[in-house]
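Structure first, then comments.
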Amino acid sequence: MSIKFNDTQMAEFKRLVDRYPQEYQKSALIPALHLAQESFGGWLSSETMDYVAELLSIKPIEVYEVATFYSMFNLKPVGKYLFEVCHTGPCMVSGSDNIVQYIQEKLSIKPGETTADGLFTLKTVECLGACGYAPMMQLGKHYREHLTKEKVDAIVEECRKNAAINN
Amino acid sequence: MGVKLLLENAHIEGIRFYETYRKHGGYRSVEKAIKTMSTDEVVEEVKKSGLRGRGGAGFPAGMKWSFIAKPEGVPRHLVCNADESEPGTFKDRYLMEFLPHLLIEGLIVSSFALGSHDTYIYIRGEYAWIVDILEQAITEAKNNGWLGKNILGSGFDCEIHVQRGAGAYICGEETALIESLEGKRGNPRIKPPFPAVKGLWGRPTVVNNVETLAAVVPIINMGGEEYAKIGVGRSTGTKLISACGNLRKPGVYEIDMTISVEDFIYSDEYCGGIANGKKLKACIPGGSSVPILPANLLLNTAKGEKRIMNYEGLSDGGFATGSMLGSGGFIVLDEDQCVVKNTLTLARFYRHESCGQCSPCREGTGWMEKILHNIEHGKGKMSDIDLLWDIQSKIEGNTICPLGDAAAWPIAAAIRHFRDEFEWHVLNPEESQKRNYGLAHYADKIHVPVTA
Ligand SMILES: Cc1cc2nc3c(=O)[nH]c(=O)nc-3n(C[C@H](O)[C@H](O)[C@H](O)COP(=O)(O)O)c2cc1C
Ligand code: SF4
Ligand code: FES
């Protein structure tokens, strides 16, 4: 994949930069990294980070130090579908351990691992602000809440179907 | 039914969109403020209302506004803190998801009062879909003349921008948030200087919570004095509580800060009692950072009076026998829950979220997690409990930002009130792997000494 925003992505990048005073363009770094991660395969390679640095006229190190600080930036490739299951207190008392366990068994991966077919990555994460609708996980842009084993089955099925359509 | 000022219209279909919101009285406060009031008068109303910051610290909003420096020729900024990452807290999300225009309306009035021409909403990165909701509301507001240049012919210009974070609890701390807005790591700054003097890009800045800024709307509409009549004492107005854990009806509720904790948990208007007919064991009433209380001290104060759901009520007794209202994240544990395990997940959370600048916080949170992990897994020693106490006491008050305190308090409170549950884990390493300590004596009637 060549690392270069297409026209739509570039227009979005410009919109992000325009929100800040001319001399403080660096403020667009985090939104720009989100855009880059979405545009280039769901993770930030050093090539991607260097590209963002160049666009914002800052040093690559300024990008690396930010990318490594924030948990939403993936510094390694991840599966096509990233299951981020919350396991902080309120979710834990509402049964998140069982959900994590069930996903592990179902997909034969541990937290932090990706399935051999590259489709699924499981990650345990800290509170996502959905504590009243626990157990829950983030999948892409949206939350999946009130999780049960049946719901997990349906989500996995849905992902497999979507992956088949997109191939 | 208690008074509702924020969520009154939340159930109306289509209230997320401009037309419906406007039809139900939306944007009146902007008209009133911009057309009939001076900026100082708006600040004065907020002062009179007694509104206290809803992000957790409870600092009076009007007073904070009056501190903003106004050097000649330097732009000022209002920043809305929508980072909402304190475990147990999900009220700002509810407001933004269902009533985005209420926040935008509050932001316009507040920006007017503070003289902020570019106002930023810093929202936690995971709330990705809410960014779209907010941006749509901003576009609608702009198309209808509430934002942009020369609003209502007043000469006041204002734009609101939404910026996503990227997963870091510490960016909820206002100076870390500002660093993050500047495109840096979320390392809190040493204060002073305070943001009111030197904030975003070195300019005077006010950072307020989503709910605080939304509350400015009813304050301007009804007047600060009327607002202050709701509630009791220094707990004025209404507060959103996000209730979670083992409740029959978890969710976001607006309370007028006059009800008892007992009513809040058990009445059908609110949480409807404990789920599955279980008994209440413990509760963290104001977000994960505030002290956990056993059932008996939660429902009643040490003096044996009913505990009230407000700033003063929840903190009655100090840390010895009370807690805090905090962010309003109300976490309930039933009789089947293990306080040690719950404390361990919180310790892990704070270790994960420490920015690493101060050694007591960086090292201390790691140690505490390790020790708690051992105790929880049947490998703890009696001396570990004292060691935990010692570590937390050395973090508290010795760090750049309050995350250190926030990590220390939950552990101190768990040991203070549930020490025998920790000891039971140490003394019964095998049994504790198979069953929980249970309700024990934590809901027993409190002994109130008779005084003359
Ligand atoms: C570690 C930490 C995390 C915080 N997280 C939040 C948050 O997510 N949202 C928030 O409004 N305030 C948060 N705060 C409080 C802010 O620093 C600040 O006091 C608040 O945004 C001020 O707004 P208010 O006065 O309207 O409450 C946090 C503070 C600390 C120390
Ligand atoms: S107390 Fe912790 S989070 Fe706060 S500045 Fe120090 S190390 Fe960072
Ligand atoms: S604890 Fe899981 S979403 Fe808050």
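The values are calculated or read from the model by the stated rules, or taken from the named source; none is laboratory data. Just so you know, these numbers come straight off a predicted model, no measurement behind them. Every residue, glycine among them, receives a Cβ derived from its backbone with ideal geometry; neighbour counts consider all protein chains shown. Calculation scope for accessible area: heavy atoms of the full protein, side chains included, ligands and nucleic acids excluded. Shrake-Rupley method; radii C 1.70, N 1.55, O 1.52, S 1.80 Å.
To the nearest 20 debye, what is the magnitude of the charge dipole of chain A about its Cα centre, counting +1 on the Cβ of each Lys and Arg and -1 on the Cβ of each Asp and Glu? The partial results should precede the final answer.
Working: 17 positive and 21 negative charges, 36 e Å.
Dipole size: approximately 180 debye.
Give the angle, between 0 and 90 degrees and rounded to the nearest 10, that separates the Cα long axis of helix A:29-39 from the longest principal axis of the Cα atoms of chain A.
It works out to around 60 degrees.
Is there a simple number for the mean count of other chain Cβ atoms within 10 Å of the Cβ of residues in B:87-100, and what is it? Intermediate results must be reported in sequence, preceding the final value.
Details: counts 11, 7, 5, 8, 2, 1, 5, 2, 0, 0, 0, 0, 0, 0.
Mean shielding by partner chains, rounded to a whole number: 3.
Once the other residues with Cβ under 15 Å from the Cβ of A:His142 are scored (Lys, Arg +1; Asp, Glu -1), what is the net sum?
-1
To the nearest 0.05, what FRET efficiency results for B:Ala440 and A:Lys110 with a Förster distance of 45 Å applied to their C-beta separation? The partial results should precede the final answer.
Working: r = 34 Å, r/R0 = 0.77.
Calculated value: 0.85.
May I ask you to give the percent of accessible area on segment A:81-165 that is carbon plus sulfur, with a probe radius of 1.4 Å? Before the final figure, lay out each step's value.
On the way: 1780 of 3510 Å².
Here it works out to 51 percent.
As a test of reading the structure, rank A:Thr88, B:Thr139 by solvent-accessible area (1.4 Å probe, protein chains only), most first. Don't jump to the answer; show the numbers that get you there.
On the way: A:Thr88 0, B:Thr139 75 Å².
Highest to lowest solvent-accessible surface, that is B:Thr139, A:Thr88.
If you count, for every residue in B:164-175, the Cβ atoms of partner chains within 10 Å of its Cβ, what is the mean? Intermediate values should be presented prior to the final figure.
Details: counts 6, 5, 13, 9, 5, 3, 1, 3, 0, 0, 0, 0.
Mean shielding by partner chains, rounded to a whole number: 4.
Can you compute the charge dipole magnitude of the protein assembly as shown about its Cα centre, using +1 on each Lys and Arg Cβ and -1 on each Asp and Glu Cβ, nothing else charged? Give it in debye, rounded to the nearest 20.
Numbers: 67 positive and 77 negative charges, 54 e Å.
So the dipole magnitude of the protein assembly as shown works out to roughly 260 debye.
Just the number please: accessible area per residue for segment B:192-309, 1.4 Å probe, all protein chains included, in Å². Present the calculation step by step, with values, prior to reporting the outcome.
Numbers: 3560 Å² over 118 residues.
Spelled out: the 1.4 Å probe surface of segment B:192-309, per residue, equals 30 Å².
Note down the Stokes-Einstein diffusion coefficient of the protein assembly as shown in µm²/s, whole number, using a Kirkwood radius over alpha carbon pairs, 25 °C, and 0.890 mPa s.
Working: Rh = 25.2 Å.
D = 97 µm²/s.
Any chance you could count the Lys pairs in segment A:81-165 whose alpha carbons are under 21 Å apart, treating pairs 8 or more apart or on different chains as valid?
Final tally of qualifying lysine pairs is 14.
Any chance you could give the angle, 0 to 90 degrees and rounded to 10, that helix B:359-376 forms with the longest Cα principal axis of chain B?
The helix B:359-376 is inclined about 50 degrees to chain B.
Per residue, how much accessible surface does chain A expose to a 1.4 Å probe? Answer in Å², no decimals.
47
Does anyone have the angle between helix B:339-353 and the longest principal axis of chain B? Alpha-carbon axes, 0 to 90°, nearest 10?
50
What relative contact order, as a whole-number percentage, does segment B:339-434 give when Cα pairs under 8 Å and 6 or more residues apart are counted?
Values: 118 pairs, mean separation 33.2, N = 96.
RCO, segment B:339-434: 35 percent.
Suppose R0 equals 35 Å. What FRET efficiency, 1/(1 + (r/R0)^6) with r the Cβ-Cβ distance, do B:Thr258 and B:Leu427 give to the nearest 0.05? Present the calculation step by step, with values, prior to reporting the outcome.
Numbers: r = 44 Å, r/R0 = 1.26.
Calculated value: 0.20.
Once the other residues with Cβ under 15 Å from the Cβ of B:Leu280 are scored (Lys, Arg +1; Asp, Glu -1), what is the net sum? Please list the in-between numbers first.
On the way: positive: B:Arg248, B:Lys249, B:Lys278, B:Lys279, B:Lys281, B:Lys306, B:Arg307, B:Lys445; negative: B:Glu262, B:Asp263, B:Asp334, B:Glu335, B:Asp336, B:Asp444.
So the environment of B:Leu280 carries a net charge of +2.
Dividing the convex hull volume of the Cα atoms of segment A:7-69 by its residue count, what figure in Å³ per residue is obtained?
Numbers: hull volume 4.9 nm³, N = 63.
In segment A:7-69, the Cα convex hull volume per residue is 78 Å³.
What do you reckon, how do B:Tyr27, B:Tyr437 stack up by accessible area (1.4 Å probe), largest on top?
Numbers: B:Tyr27 0, B:Tyr437 50 Å².
These residues rank, largest area first, as B:Tyr437, B:Tyr27.
DSSP beta bridges in segment B:18-229, what fraction antiparallel, as a percent rounded to 5? Kindly include the intermediate steps, with their values, before the conclusion.
Details: 2 of 18 bridges.
About 10 percent, rounded to the nearest 5.
If the cut-off is a Cα-Cα distance under 14 Å, which aspartates and glutamates reach B:Lys379, setting aside same-chain residues fewer than 8 apart in sequence?
Those aspartates and glutamates meeting the cut-off are B:Glu369, B:Glu423, B:Glu430, B:Glu431.
At a 1.4 Å probe, what is the % contribution of carbon and sulfur to the accessible area of segment B:235-334?
On segment B:235-334, the fraction of accessible area on carbon and sulfur atoms equals 51 percent.
Go through segment A:100-137 and flag every residue whose accessible area shrinks by 20 Å² or more with all protein chains in place compared to the isolated chain (probe 1.4 Å).
Buried by 20 Å² or more upon assembly, which counts only protein chains, are A:Glu126, A:Cys127, A:Leu128, A:Gly129, A:Cys131, A:Gly132, A:Tyr133.
Do the alpha carbons of any pairs in B:Lys48/B:Lys191; B:Lys278/B:Lys341; A:Lys80/B:Lys370; B:Lys198/B:Lys394; B:Lys35/B:Lys142 sit beyond 23 Å of each other, and which pairs? Please report the intermediate quantities before stating the final value.
Details: B:Lys48/B:Lys191 28 Å; B:Lys278/B:Lys341 19 Å; A:Lys80/B:Lys370 33 Å; B:Lys198/B:Lys394 30 Å; B:Lys35/B:Lys142 18 Å.
In this structure, B:Lys48/B:Lys191; A:Lys80/B:Lys370; B:Lys198/B:Lys394 lie more than 23 Å apart at Cα.
Quote the accessible area belonging to B:Cys361 in square angstrom, nearest 10, computed with a 1.4 Å probe and with ligands, DNA and RNA left uncounted.
10
What aspartates and glutamates does A:Lys4 reach when the alpha-carbon gap must be under 17 Å and sequence neighbours fewer than 8 apart in one chain are set aside?
A:Glu12, A:Glu38, A:Glu47, A:Asp50, A:Glu54
Quick check on chain B: of the DSSP beta bridges with both residues there, what percent are antiparallel, nearest 5%? Mind dumping the intermediate values first?
Details: 18 of 39 bridges.
For chain B, the DSSP antiparallel bridge percentage is about 45.
At 0.36 nm per residue, minus the direct Cα-Cα distance, what do A:Thr68 and A:His142 gain on full extension? Give it in nm, one decimal, please.
Numbers: separation 74, 0.36 × 74 = 26.64 nm, distance 2.32 nm.
Extra length available between A:Thr68 and A:His142 comes to 24.3 nm.
Whole percent per 20 Å bin, from 0 to the bin with the longest distance: what is P(r) over all C-alpha pairs of chain B?
Percent of pairs per bin, in order: 25, 55, 19, 1.
Accessible area per residue, 1.4 Å probe, Å², for segment B:337-452: what's the number?
Values: 5550 Å² over 116 residues.
For segment B:337-452, the per-residue accessible area is 48 Å².
Chains A and B: what accessible area do they bury, summed, in square angstrom to the nearest 100, with a 1.4 Å probe?
On the way: alone 9780 and 18440 Å², together 24340 Å².
Summed over both sides, the interface buries about 3900 Å².
Bins of 10 Å, beginning at zero and ending with the bin holding the largest distance: percent of Cα pairs per bin for segment B:1-111, please.
All Cα pairs, binned at 10 Å, distribute as 11, 38, 39, 11, 1 percent.
Just add up the charged neighbours of B:Val448: K/R +1, D/E -1, any other residue whose Cβ is under 11 Å from the Cβ of B:Val448.
+1
What is the spread of the Cα atoms of segment B:18-229 along each of their three principal axes, largest first, in whole Å?
41, 37, 36
At a 1.4 Å probe, what is the % contribution of carbon and sulfur to the accessible area of segment B:92-200? Walk me through the numbers on the way to the answer.
Details: 1610 of 3030 Å².
Answer for segment B:92-200: carbon and sulfur cover 53 percent of the accessible area.
Taking the simple approach of a point 7 Å from Cα along Cα-to-Cβ for both B:Glu225 and A:Asn166, what is their distance in nm?
6.0
Other chains' Cβ within 10 Å of A:20-28 residues: what's the mean?
Numbers: counts 9, 5, 0, 1, 6, 1, 3, 10, 2.
Per residue, the average neighbour count from other chains is 4.
Run the simple label-point estimate for B:Glu363 and B:Glu269 please: 7 Å along Cα→C-beta, distance reported in nm.
With each label point 7 Å from Cα toward Cβ, the separation is 5.2 nm.
If you count, for each residue, the other Cβ atoms within 10 Å and average over each peptide, how do A:146-156, B:83-93 line up from highest to lowest? Could you put the intermediate results ahead of the total?
Working: A:146-156: 14.9, B:83-93: 28.9.
So the order, starting with the most tightly packed, is B:83-93, A:146-156.
Just to confirm my numbers, what's the Cα centroid distance between segment B:39-112 and segment A:50-81 in Å?
The distance from the Cα centre of segment B:39-112 to that of segment A:50-81 comes to 31 Å.
Keeping all protein chains in position, work out how much accessible area B:Glu126 exposes to a 1.4 Å probe, and write it in Å² to the nearest 10.
Solvent-accessible area, nearest 10 Å²: 10 Å².
Round to the nearest 0.05 the FRET efficiency obtained for B:Ala57 and B:Val197 when R0 = 25 Å and r is the Cβ-Cβ distance. Spell out each step's value before the answer.
Working: r = 18 Å, r/R0 = 0.73.
Given R0 = 25 Å and the Cβ-Cβ separation, E is 0.85.
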